[in-house]
Amino acid sequence: MVRRFMEANRKLCFRLAGFFPQAKTDIYALYNQRVTEYINLKDNQLVVDVGGGKSCPFAANRDPSRGTKIVAVDISLEELEQNLDVDEKRVADIMRELPFKDGEVDLLVSRSVLEHLEDIERFLENSSRVLKQGGHIIHMFPSKYAPFALINQILPNSIARRLLFSIYPDAKGIAGFPASYDRCYYSAIVSLLAKHGFELVDVDLSYYQSHYFAFFLPLFLLSAFYETVVHALGAKNLCAYILLVARKA
């Protein structure tokens, strides 16, 4: 009965979402669009999909005439073995190193990875090392001060996982991993990029995160009201997701 109640709430909430302007942009689709644009920008690029795991959602969008090579890097060999989308797979702990030579990489991308890193500054240092001059990074990640992220930070991971999987059983295996959200908010990440020689080329902010609360209509509406207010105020540090493109200057 509880499951049916939550499912009925979800269906109603997703219908209502269309009335909120902040819900009209799919940040995940926009990420694939941005990456597709850059992987087809020039010939013979080396593209690194950080935290590539089981699949590469943008691999099918590359222009075969460009000669682009995609390398997936992940800490899990088991997940990489399932990835049939990329040209090469490398196992590495990206919090410590990126397994590439200095100045070897043209484009380095990640989706929902940065929030799991305990030291983003070290990751950006390593990114700068492996990137060619003029190379790009594209990262999409949740913001530290979004309500769902704050809940994730406050609750112990074991409790957060049980809560998440009880509400969204399909999330097992793709969500619920420990997250630290180290400097994962607008002003901090922009400052870090400048510190490590990156020029910000483009940034998209999504304020929509109410789908996390769609299991209960009153929570969904409260969240949607909050989003509408912070979006109207232009409170960038309170956005839900950040999608950035930066160039190694």
Might you check whether a residue that is surrounded by fewer than 21 Cβ atoms within 10 Å (Cβ to Cβ), without any contact (Cβ under 8 Å) to a residue 60 or more places away in the chain, touching a helix residue (DSSP H, G or I) at 6+ places or on another chain (Cβ under 6 Å) and outside any helix (DSSP H, G or I) occurs anywhere in region 61-79? yes
Look at region 231-249 and say how many of its residues are outside any strand (DSSP E or B) and surrounded by 19 or more Cβ atoms within 10 Å (Cβ to Cβ). 4
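Per-residue answers, yes or no, for (1) surrounded by 13 or more Cβ atoms within 10 Å (Cβ to Cβ); (2) outside any loop (DSSP other than H, G, I, E, B); (3) hydrophobic (A, V, I, L, M, F, W, C):
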position: Arg4; (1), (2), (3): no, yes, no
position: Glu7; (1), (2), (3): no, yes, no
position: Leu16; (1), (2), (3): yes, yes, yes
position: Asn32; (1), (2), (3): yes, yes, no
position: Asp43; (1), (2), (3): no, no, no
position: Asp49; (1), (2), (3): yes, yes, no
position: Lys54; (1), (2), (3): yes, no, no
What number of residues within region 18-30 are over 17 Å from Ala232 (Cα atoms) and either modelled with pLDDT of 95 or more or not in a loop (DSSP other than H, G, I, E, B) (or both)? 4
Identify all residues within region 94-118 that are at pLDDT 95 or above, assigned to a loop (DSSP other than H, G, I, E, B) and of a type in the set (Asp, Glu); write none if there are none. Asp102, Glu104
Looking at this structure, is Ser128 at pLDDT 95 or above and assigned to a helix (DSSP H, G or I)? yes
In the set Ala179, Ala175, the lone residue that is at pLDDT below 85, within 18 Å of the chain's Cα centre (by Cα) and surrounded by 21 or more Cβ atoms within 10 Å (Cβ to Cβ) is Ala179
So which residues in region 190-249 are β-branched (Val, Ile, Thr) and either farther than 20 Å from Glu37 by Cα or at pLDDT below 95 (or both), if there are any at all? Val190, Thr228, Val229, Val230
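The values are calculated or read from the model by the stated rules, or taken from the named source; none is laboratory data. Because the structure is predicted, anything quoted here is derived from the model rather than measured. Note: ideal-geometry Cβ built from the backbone for every residue, glycine included; neighbour counts use all protein chains shown.
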